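To start, the structure itself, in structure tokens.
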Ligand code: SAM
Ligand code: SF4
């Protein structure tokens, strides 16, 4: 799959649910609305959809959400998708999770062939963690991380940096990730949904965070690239990587290799734009996958050149959907 700017699409982020057992302040409203069940793709439909993308050249599949581990039957989907790891059509099957249910799933994930997971964790202070997630338990997430490591999964921590909330904790997170043998990715908060204005209040440019970190840590530039918005450095003192995801900068769009599909079958060609393509209709129109594959190829040919996160110019949030819908 190649778009009109010559970028090859090899990475799919597939949201398996828009529901979640947490309500992170920058991601979801407390009384968040979810898709009606009839619009949510069944596990069989998600499998067919992923299969079509894999036939068209996707080599890396990340399950996300909402919280993927709250989707009933998720392990049966993962087991069926893992066939493609064994037949060599998929290089990686992975997941982004809030970690709250990881303790119960870690072993099964490892047995299915998952090698690493991203766990979102914004604070090591139980009270601050609860404040950010509205009711999450830090201890449960830490148990999940420990179980994942015990099962042999590599764990990368994702931290959204929020001004005045966890900005003073980043040094501690770097040390802790070093002790845990985890890489860390720092994420700039993005202006999504009605949380945009809350997000704007918490926005702290990662360039500033990096300058502060460099006073204490030796950050060695790393050529590691995932085709995404992260820039990586190696922390000499811990030996672990730290990544900086700065979605508001346009620097990464030229190498973008990814697309996203929501749990209701909307394909998003760019996280920062409203352009979508409906895959649910062709998916449900026939049992064969011809129309579905044609719709995917047609959509990819329209992948936009770059994104539109310029919140200061907008009265209203520029992107009206929430991250739990597109999956981050
Ligand atoms: N529930 C899972 C989790 O939290 O890891 C997967 C879905 S979550 C939407 C994926 C990632 O998006 C998380 O790392 C989360 O912190 C991040 N995220 C959510 N809303 C965001 C926002 N407004 N700006 C930046 N990152 C955001
Ligand atoms: Fe749930 Fe993840 Fe969004 Fe937090 S960031 S509310 S854990 S989907």
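The values are calculated or read from the model by the stated rules, or taken from the named source; none is laboratory data. In this text the structure is predicted, and so the values were computed from the model without any measurement. Ideal geometry is used to build each Cβ from the backbone, glycine not excepted, and the neighbour counts take in all protein chains shown.
Side notes on the structure shown:
- Within the stretch 11-36, being modelled with pLDDT under 95 and away from ligand 1 (no atom under 16 Å from the Cβ) holds for one residue alone: 31.
- Condition met for residue 306 (at pLDDT below 90 and either within 16 Å of ligand 2 (Cβ to nearest atom) or buried (at least 21 other Cβ atoms within 10 Å of the Cβ) (or both)): no
- Annotation note: of 116, 134, 107, the sole residue that is in contact (Cβ under 8 Å) with a residue 24 or more places away in the chain and more than 28 Å from residue 209 (Cα to Cα) is 107.
- Residue under evaluation residue 33, criteria (1) free of Cβ contacts under 8 Å to residues at least 60 places away in the same chain; (2) out of contact with any helix residue (DSSP H, G or I) (no Cβ under 9 Å at 6 or more places or on another chain); (3) under 28 Å from residue 298 (Cβ atoms), criterion not met: (3)
- When every residue of the stretch 258-266 is checked against the conditions, at least one turns out to be modelled with pLDDT under 90 and farther than 17 Å from residue 178 by Cβ.
- Residue 315 fulfils the conditions (1) exposed (fewer than 13 other Cβ atoms within 10 Å of the Cβ); (2) closer than 26 Å to residue 35 by Cα; (3) at pLDDT below 85; (4) more than 15 Å from ligand 1 (Cβ to nearest atom) except for a single criterion, (2).
- Check on residue 140, within 16 Å of ligand 2 (Cβ to nearest atom), on the phi > 0 side of the Ramachandran plot and surrounded by fewer than 23 Cβ atoms within 10 Å (Cβ to Cβ): no
- Exclusive hit being under 18 Å from the mean Cα position of the chain (by Cα), surrounded by 14 or more Cβ atoms within 10 Å (Cβ to Cβ), touching a residue at least 40 places away in the same chain (Cβ under 8 Å) and away from ligand 2 (no atom under 16 Å from the Cβ), set 22, 46, 14, 41: 46
- Residue check: residue 55 meets all listed conditions (1) within 14 Å of ligand 2 (Cβ to nearest atom); (2) surrounded by fewer than 18 Cβ atoms within 10 Å (Cβ to Cβ); (3) in contact (Cβ under 8 Å) with a residue 60 or more places away in the chain but one, namely (1).
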